[in-house]
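For reference, the structure is listed below as structure tokens.
The values are calculated or read from the model by the stated rules, or taken from the named source; none is laboratory data. No experiment lies behind these values; they were computed from the predicted model shown. A quick note on method: Cβ atoms are made from the backbone with ideal geometry, for glycine too, and the neighbour counts reach across all protein chains shown.
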Amino acid sequence: MTNYDRRKWVRLVTSAATPVVAARPVLAQVPQFAPPLSGREIMRQRHFPNVPLTTHEGHNVRFYDDLIKDKIVVLNLMYADCEGICPTVTLNLVRTQKLLKERIKTPVHIVSLTVNPQEDTPQKLNDYAKMHEVIGNWVFATGAPDDLEILRQRLGFTDLNPAIDKDKSSHSGMIRYGNEPLSLWGGCPGNTPPEWMLKEISFVIPGPRIGDPS
């Protein structure tokens, strides 16, 4: 066997003995967990369903997108024919709103949701607002009964006693207030004196607290 033939034979044997390794596909890095949600997004998903509503001025709006997103807001429940706590809460909010405009530059929006949408039409709510001399940055809203019930429950305006909870005349007299962008929320009784309510709401407004030394 010549040297040429020997070298050719070695190359053939070597190539036959060498296993062919297939290239492995490069797999994308798959995260083990979904990315964490911000506190603001968690609050939105849990408590602020974006249901359609109609304001006392006849505007069609979405609860989250149009009434609370990017706002400092006060929320309460009411209905126009209420002879219980509603008029007291509305009067307190009227007085508190005036104090807010006098002492705080940041706009504060008030949203009053009816618990009797079957009867509280936009016109009826508009008459109610005029009767109480309600001014700007305040919306009275109605809508489909099921949507208002979802809002009532998700916002926490409920009673643990089912018999009390289904009675509209004994609905919650609490108010909720919050800074939606910062996810800061609190609550207080709706019959709280306006000066005290002003201090409560100021806790979610950036800047010096009402009553703190300047």
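Failed condition for ILE210, given (1) modelled with pLDDT of 95 or more; (2) within 12 Å of ARG103 (Cβ to Cβ), with all others met? For ILE210, the failing item is (1). Taking first residues from segment 182-195 that are without any contact (Cβ under 8 Å) to a residue 60 or more places away in the chain and exposed (fewer than 15 other Cβ atoms within 10 Å of the Cβ) and partners that are of a type in the set (S, T, N, Q) and outside any loop (DSSP other than H, G, I, E, B), no Cβ contact under 7 Å between residues at least 6 apart in sequence or on separate chains turns up. Hey, could you check segment 63-90 for residues that are in contact (Cβ under 8 Å) with a residue 24 or more places away in the chain and among the aromatic types (Phe, Trp, Tyr) and say which is nearest to PHE203 (Cα to Cα)? Ranking the qualifying residues of segment 63-90, first place goes to PHE63.
Condition first: at pLDDT 95 or above and touching an Asp or Glu at 6+ places or on another chain (Cβ under 9 Å). Can you find one or more residues in segment 156-164 that meet it? Give the steps one after another, and end with the answer.
Going residue by residue through segment 156-164, those that are at pLDDT 95 or above are none.
Scanning segment 156-164 turns up no residue that is at pLDDT 95 or above and touching an Asp or Glu at 6+ places or on another chain (Cβ under 9 Å).
Residues of segment 148-157 include at least one that is among the hydrophobic types (A, V, I, L, M, F, W, C), buried (at least 20 other Cβ atoms within 10 Å of the Cβ) and touching a Ser or Thr at 6+ places or on another chain (Cβ under 6 Å).
For segment 43-78, a residue qualifies if it is charged (D, E, K, R), at pLDDT 95 or above and more than 16 Å from GLY136 (Cα to Cα), and the qualifying residues are ARG62, ASP65, LYS69, ASP70. Which of the residues that make up segment 193-207 are touching a strand residue (DSSP E or B) at 6+ places or on another chain (Cβ under 9 Å) and at pLDDT 90 or above? Of everything in segment 193-207, those that are touching a strand residue (DSSP E or B) at 6+ places or on another chain (Cβ under 9 Å) and at pLDDT 90 or above turn out to be TRP196, MET197, GLU200, ILE201, PHE203, VAL204, ILE205.
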